[in-house]
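*Asks:* The following block contains the structure, expressed as C-alpha cells.
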Protein chains: 2
Amino acid sequence: MSVKGLSINLATVRQQFGFAAAVDACLAQGITAISPWRDQVEAIGLSEAARIVKANSLQVTGHCRGGMFPANDKGGRDAAIDDSKRAIDEAAALGADCLVMVAGGLPAGSKDIAAARAMVADGLAAILPHARACHMPVAIEPLHPMYAGDRACVNTLEQALDLCDALGAGVGVAIDVYHTWWDPKIRPQIARAGRNKQILAHHICDWLVPTRDLLLDRGMMGDGVIDLKRFRGDIEDAGFHGPQEVEIFSSENWWKRPGAEVLATCIERFRTIC
Amino acid sequence: MSVKGLSINLATVRQQFGFAAAVDACLAQGITAISPWRDQVEAIGLSEAARIVKANSLQVTGHCRGGMFPANDKGGRDAAIDDSKRAIDEAAALGADCLVMVAGGLPAGSKDIAAARAMVADGLAAILPHARACHMPVAIEPLHPMYAGDRACVNTLEQALDLCDALGAGVGVAIDVYHTWWDPKIRPQIARAGRNKQILAHHICDWLVPTRDLLLDRGMMGDGVIDLKRFRGDIEDAGFHGPQEVEIFSSENWWKRPGAEVLATCIERFRTIC
C-alpha cells in the first residue's frame, strides 16, 4: 500500500541505513518519496543512486544541500559556489524537485551578520544561471534563529522571500515547520510565497518542550508543540500540494531505534497528526 | 571610581550572592546600577531591598519579572495578572525604571501559539491601568524564538512593538541583544522603537558558538558573535542612553566563578567591547 503525500528525508534514518537500504526500507512500507543528503549519495555513487531512483520511480522531494556561502576570503566563497554548482548537477541527475540551500552562518571570527547575508545573496546569484540552465529549482531554507551564528543567517520566511524576489526566476523556499513555527508572521508569509509560486518543499517534524540540544533533538510529529495540521492547511491553501518531508535529527531517540520502527512511526503520525 | 552606563542584572551573579551581598560587590567595583529578580528581593524582603537601593542611591534599571500570562483556565490567567500587579508594586517600591515582562509560552498541552499570544495581549491590557496609576513603565522583552514553546511567545522586536502600539501609553520594550541579534529587521525596528520613545532597557551578553544549552549558556560580552558596539550605536541613535544591563545565565562557567571576578570581567568587557 502506497503512502501518498509522505516523503522521508534520509537524515531521519541516517544512523540506521545507507542510501540503498533506506530506499528498500521505505518501499517495504509503501513510501515512494525520499530526500537524500549528499554524503549518502556519495557513499553509494551518484549513478547508482540515480539508477535506484529511476528503477523504483521514486520522487526525490529535495537534494540536501548546497549553500554555506559566507567565508572570510574569496577563495572560500568561490569554493562554496563551485560546490553548490556540483550539487545542482547531482540534484539534476537524481531528478530532484529542488536543491535545498542552507545559507551558512558567520565566517570564523566575524560578528558582521549583515556582511554574511550579503555573501549569501551573492552566492545565490552566482549559482542561479547554472541552476536555471539545468532546470533545477533552488530552495532557500530559512533556518531557526538559533542557527544564525553557525549554520544559516537566513532565519525567517520573510527574509528568504525577500531574497527570492531580488534574485528572480529559479529560486523559491523550503518551509520547515521546525525552523518557522514560532514566527508571528508565518501565515501571511506562507500566503505570499504561494501567490508567487515560491514554495518548493514542506518539511515536518516537531518542536519538543524541553529541547535538550540545539541541533540533534528534533521531535517526531505529535510529540511537540507545533500545530502541524494548521501548518499543512496554510501551505495547501497557498497552493503547494507536494509531499510533506519528514526530517528528524535525533541523536538520543529516533537515531537509536530500528529504522523500520522509525518509518512506521512516521507513517502513523503522518496519518493522524499532520 | 564609578562605572557609568553599566548595570548588573543580579541573575548574572545569582549563584554567588544574595541581594545585599550583590549590591556590596557591585559598589565595591563602582557599579551603581542593578536589576534584581523577584526571588532575590523576596529573600531579603522588599522593604529592606528598597532601603538598600535608596541608601546607596542605586539606579534600578528593571525589576524582573512579570508576565507568564498564558494558561489553560481563567483562574490561571487571573493569577498571572494578579502576580504581575504585585510585581508592579514591587518595582515601584524599588524605584525601578521599568517592570520587565516575559510573555509566557504555550499552556501545557496547547499547540495554539496564536491563542497564547492573544492571552499575552489580554494580560498586558489587564495590568496596564495599574501600571499607569503607579507610573511604572512596563517593558515587553521579546525572547529568542527558541523559547517560544515554554517561556515567551513574543519573539521579535517588531511583534513586541506592534503589541505596544495596540496597548497605548505606559508600555515599551526591553531590547536584549541575546534574543534579537539574529533578526534581519532589528535595525529598522530599533529605529521605530526610538521614534515612539518605547525603548526602556538594553540588556547585553553574547551568543556563543557553539551554544551548549538553550537556557544556561549565555556568553560574556566579547566571547561570542554579537556586534555589541553596533547594537549600542543603533540603540543610542534611537535615543536611548540608559545603562547597558549585563544579564548572563551561565551554569557551567560564570555562575561557577567568584562573583568579584565576574563583575570585574563585566566592567573590563563593557569598557572594551560594548
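*Asks:* Among B:VAL138, B:LEU10, A:ALA55, whose Cα projects farthest towards the positive end of the dipole of the protein assembly as shown, with charges put on the beta-carbon of Lys, Arg (+1) and Asp, Glu (-1)?
*Replies:* B:VAL138
*Asks:* Based on Cβ point charges of +1 for Lys and Arg and -1 for Asp and Glu, what charge dipole magnitude is obtained for region B:71-138 about its Cα centre, in debye rounded to the nearest 20?
*Replies:* About 180 debye.
*Asks:* Next question. Counting each DSSP H run of 4 or more residues in chain B as -39500 (n - 2.57), what helix-only mean residue ellipticity at 222 nm follows after dividing by all residues, to the nearest 500 deg cm²/dmol?
*Replies:* Counting only the DSSP helices, I get -13500 deg cm²/dmol.
*Asks:* Over what distance in Å are the Cα centres of region A:137-196 and region A:3-66 separated?
*Replies:* Centre-to-centre (Cα) distance: 24 Å.
*Asks:* Within the protein assembly as shown, what percent of beta bridges assigned by DSSP are antiparallel, to the nearest 5?
*Replies:* 5
*Asks:* What's the tally of Lys pairs in region A:6-272 whose alpha-carbon atoms lie under 23 angstrom apart, where the two lysines are 8 or more places apart or on different chains?
*Replies:* 6
*Asks:* For region B:1-99, restrict the atom set to alpha-carbon positions and state the Rg and Dmax in Å.
*Replies:* That works out to 14.5, 52 Å for Rg and Dmax.
*Asks:* Using the Kirkwood radius built from alpha carbon pairs, what does the Stokes-Einstein equation give as D for the protein assembly as shown at 10 °C and 1.306 mPa s, in µm² per second?
*Replies:* Here the translational diffusion coefficient equals 64 µm²/s.
*Asks:* Take every DSSP beta bridge whose two residues both sit in chain B, then give the antiparallel share in percent to the nearest 5.
*Replies:* DSSP beta bridges in chain B are roughly 5 percent antiparallel.
*Asks:* Please list the helices of chain A that count as membrane-span-like by this rule: a mean Kyte-Doolittle hydropathy of at least -1.0 together with Cα atoms stretching 24 Å or more along the helix axis, each helix being a complete DSSP H run.
*Replies:* Correct list, ordered by number: A:74-94, A:113-133.
*Asks:* Next up: Quick one: what does P(r) look like for region B:6-272 with 5 Å bins over all Cα pairs, in whole %?
*Replies:* 1, 6, 14, 18, 20, 18, 14, 7, 2, 0
Quick note: the coordinates plus some simple rules give every number you see, no bench work behind them. Small disclaimer: the values here were computed from a predicted structure and weren't measured. Don't worry about glycine lacking a Cβ; one is built from the backbone with ideal geometry, like all the others, and counts go over all protein chains shown.
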